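**Student:** Questions regarding the structure given below will be posed in turn.
The values are calculated or read from the model by the stated rules, or taken from the named source; none is laboratory data. All values reported here derive from a predicted model rather than from experimental measurement. All Cβ positions, even for glycine, are placed from backbone atoms using ideal geometry, and neighbour counts span all protein chains on display. Note: accessible area is taken over every heavy atom of the protein model, side chains too, but ligands, DNA and RNA are not part of it. Shrake-Rupley method; radii C 1.70, N 1.55, O 1.52, S 1.80 Å.
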Amino acid sequence: MNLLAFAARRLAEAVVLLVLLSAAVFAATAVLPGDAVSAVAGVDASETQRAEVRAELGLDRPAVQRYADWAAGAVRGDLGRGFVGERPVADVLTTRLPNSLLLAGLTLAVTAPLATLLGLWTGLRGGVADRVVSTSAQILAAVPEFVVAALLVAVLAVWLEVLPRVSVIPLGGTPLDVPDALVLPVLTLSAVGLAVATRLLRASVADTAARPYCEAARLNGVRGVRLAVRHILPNAAGPAVQALTLTTGALVGSAVVVENVFDYPGIGRELQLAVAARDVPMVQGIATALVAVMLAVLLLGDVCARLLGAREGHGR
């Protein structure tokens, strides 16, 4: 199968998965206790007023019909308006999603080179260094993001007082206007992402180094940097790209937690507020956008890995 056909098949699979996951998100919001009526009408509203608001929001219609109407609008590019404040979902995505992408981009800029170096070093060296780094990465990967964030805040913000505890952005500004507000969120995400990526890259390098053609190269006197550049890296490049891709996808979920811990003005923070208010259109639009970003990253990783020709024996 050529690259174009492979990409087309992966794209079709991603579209089907996006539709299924959007339906799953809608079903999950439908079974949550409570609805947006209390947030819109107020807790003191009478039953008559609540019924009127429910009808106005369309919550009195069957869930299947509501999802079909939302999906039809989404195909046309209309994600609707939130129940609370009647903000267009597209406007929220336009203003908040770039902040989250900036956070993810900075995290990858830190994580990718460090994970690559650690993965190569431990995968090729083995021994005590490999065990220490692998064990440390396994422990760090098991620690929840909010715990890492709390430890960093305690040390860097409370004890040393060198960084702000929360990411306060001026009204109308961007996170780049306050660079120090990005440091703690990026460090938290980098710590978690580095642990995951290092383990995946280490496994890929170690597996490639144990292949027969690498053993044959060693018997012929090829060692060190020459062995890594000529035989290991070309074969480990594809799996390495996929490992970094999976790490990027995991960052999407981690960012939702980290943004709320630091009150960072990203799309994860908006998602948490929308869930708390039972704002179904906002939750639906944001969750679907996050899924679309994740699927796009995975698709790009698959295509890049395919383009690199990560086949056994390539680069011998």
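**Student:** Provide the gained length on full extension for the span residue 296 to residue 64, in nm with one decimal, where the gain is 0.36 nm per separating residue minus the Cα-Cα distance.
**Tutor:** 80.8 nm
**Student:** Let me ask something else. For residue 222 and residue 117, what does the FRET efficiency come to when R0 = 22 Å and r is the distance between their Cβ atoms, rounded to the nearest 0.05? Intermediate results must be reported in sequence, preceding the final value.
**Tutor:** Numbers: r = 22 Å, r/R0 = 0.98.
With R0 = 22 Å, the Cβ-Cβ based efficiency is 0.55.
**Student:** Still on this structure, I have one more. What size of dipole, in debye to the nearest 20, comes out for the stretch 34-78 about its Cα centre when the only charges are +1 on Lys and Arg C-beta atoms and -1 on Asp and Glu C-beta atoms? It would help to have the intermediate numbers written out before the result.
**Tutor:** Working: 5 positive and 8 negative charges, 41 e Å.
Here the size comes out at about 200 debye.
**Student:** With unit charges on the beta carbon (Lys/Arg positive, Asp/Glu negative), name the residue among 36, 23, 11 whose Cα is farthest towards the positive pole of the charge dipole of the stretch 1-154.
**Tutor:** So the residue we want is 11.
**Student:** While we're on this one: Dipole of the chain (Lys/Arg Cβ +1, Asp/Glu Cβ -1, origin at the Cα centre): which of 147, 268, 93 lies farthest to the positive side?
**Tutor:** 147
**Student:** Be a star and scan the stretch 142-183 for residues whose amide nitrogen sits under 15 Å from the point 7 Å along the Cα-to-Cβ vector of residue 95.
**Tutor:** 169-175
**Student:** Most mobile of 166, 143, 153 per a Gaussian network model of the chain (Cα springs, under 10 Å)?
**Tutor:** Evaluated over the chain, the most mobile residue of the options is 143.
**Student:** Extension gain residue 46-residue 161, at 0.36 nm per residue separation less the Cα-Cα distance, in nm?
**Tutor:** Full-extension gain reported as 36.4 nm.
**Student:** What FRET efficiency would be calculated for the residue pair residue 138, residue 207, taking the C-beta separation as r and a Förster radius of 22 Å, to the nearest 0.05?
**Tutor:** Values: r = 18 Å, r/R0 = 0.80.
Once the sixth-power term is evaluated, E becomes 0.80.
**Student:** Running a GNM on the chain with Cα contacts under 10 Å, which residue among 235, 99, 220 ends up with the highest mean-square fluctuation?
**Tutor:** 220
**Student:** Related question: Mind checking which helices in the chain clear 30 Å along their axis (Cα) and have mean Kyte-Doolittle hydropathy of -1.0 or more, DSSP H runs only?
**Tutor:** Numbers: long enough: 3-30 (40 Å, 1.89); 89-125 (50 Å, 1.11); 180-209 (41 Å, 1.28); 233-261 (40 Å, 1.03); 280-308 (41 Å, 1.97).
Passing helices, by number: 3-30, 89-125, 180-209, 233-261, 280-308.
**Student:** So, one more: Using a 1.4 angstrom probe, figure out how much accessible area the chain has per residue, in square angstrom, rounded to the nearest whole.
**Tutor:** 52
**Student:** Using the Cα centre of the chain as the reference point, and only Cβ charges (+1 on K/R, -1 on D/E), how large is the resulting charge dipole? Debye, rounded to the nearest 20.
**Tutor:** I would put it at about 1760 debye.
**Student:** Work out the length of the dipole vector of the stretch 167-316 about its Cα centre, built from +1 on the beta-carbon of each Lys and Arg and -1 on the beta-carbon of each Asp and Glu, and round it to the nearest 20 debye.
**Tutor:** Taking the Cα centre of the stretch 167-316 as origin, the dipole is about 1020 debye.
**Student:** Which loop trypsin sites (Lys or Arg not before Pro) in the stretch 1-97, with loop taken from DSSP, have no more than 12 other Cβ atoms within 10 angstrom of their Cβ?
**Tutor:** Numbers: sites: 9, 10, 50, 54, 66, 76, 81, 96; in loops: 76.
The qualifying sites are 76.
**Student:** Okay, moving on. Binning every alpha carbon pair distance of the chain at 20 Å from zero, what are the percents per bin?
**Tutor:** 27, 49, 21, 3, 0
**Student:** Hey, another quick one. For the chain, what does the relative contact order come out to in percent, with C-alpha contacts under 8 Å and a separation of six or more?
**Tutor:** In percent, rounded to a whole number, it is 28.
**Student:** Report in % the part of the accessible area of the stretch 34-78 that belongs to carbon and sulfur, leaving out ligands and nucleic acids; probe 1.4 Å.
**Tutor:** 52
**Student:** Could you calculate the FRET efficiency of residue 4 with residue 75 from 1/(1 + (r/R0)^6), where r is the beta carbon distance between them and R0 is 30 Å, rounded to 0.05?
**Tutor:** Rounded to the nearest 0.05, the efficiency is 0.75.
**Student:** Which residues make up the longest stretch of the chain clear of GluC sites (Glu not before Pro) that lie in a DSSP loop with no more than 14 other Cβ atoms within 10 Å, not counting the sites?
**Tutor:** Longest site-free region, per DSSP loop and neighbour criteria: 162-311.
**Student:** Okay, next question. When the chain is modelled as a GNM with alpha-carbon springs shorter than 10 Å, which of 139, 267, 286 fluctuates the most?
**Tutor:** For the chain, modelled as a Gaussian network with Cα springs under 10 Å, the answer is 139.
**Student:** For the stretch 175-264, state which trypsin sites (Lys or Arg not before Pro) are in a DSSP loop and have at most 10 other beta carbons lying within 10 Å of their beta carbon.
**Tutor:** For trypsin sites (Lys or Arg not before Pro) across the stretch 175-264 that sit outside H, G, I, E and B with at most 10 neighbouring Cβ atoms in 10 Å, the list reads 223.
**Student:** Under the rule of -39500 (n - 2.57) per DSSP H run of 4 or more residues, summed and divided by the residues of the chain, what mean residue ellipticity at 222 nm is obtained, to the nearest 500 deg cm²/dmol?
**Tutor:** -24500 deg cm²/dmol
**Student:** Just want the answer: with Cβ charges of +1 for Lys and Arg and -1 for Asp and Glu, which residue in 67, 57, 46 is farthest toward the dipole's positive end in the stretch 34-78?
**Tutor:** Farthest along the dipole direction, towards plus: 67.
**Student:** Express in nm, to one decimal, how much length is gained between residue 27 and residue 180 on full extension, taking 0.36 nm for each residue of separation and deducting their alpha carbon distance.
**Tutor:** Working: separation 153, 0.36 × 153 = 55.08 nm, distance 3.95 nm.
The span from residue 27 to residue 180 would gain 51.1 nm if fully extended.
**Student:** Same structure, new question: Calculate the all-directions average of the projected area of the stretch 34-78's alpha-carbon convex hull, and give it in nm². Don't jump to the answer; show the numbers that get you there.
**Tutor:** Working: hull surface 14.1 nm².
Hull-based average projected area comes out at 3.5 nm².
**Student:** Now, a different point. In whole Å, how far is the Cα centre of the stretch 1-49 from that of the stretch 216-259?
**Tutor:** Centre-to-centre (Cα) distance: 34 Å.
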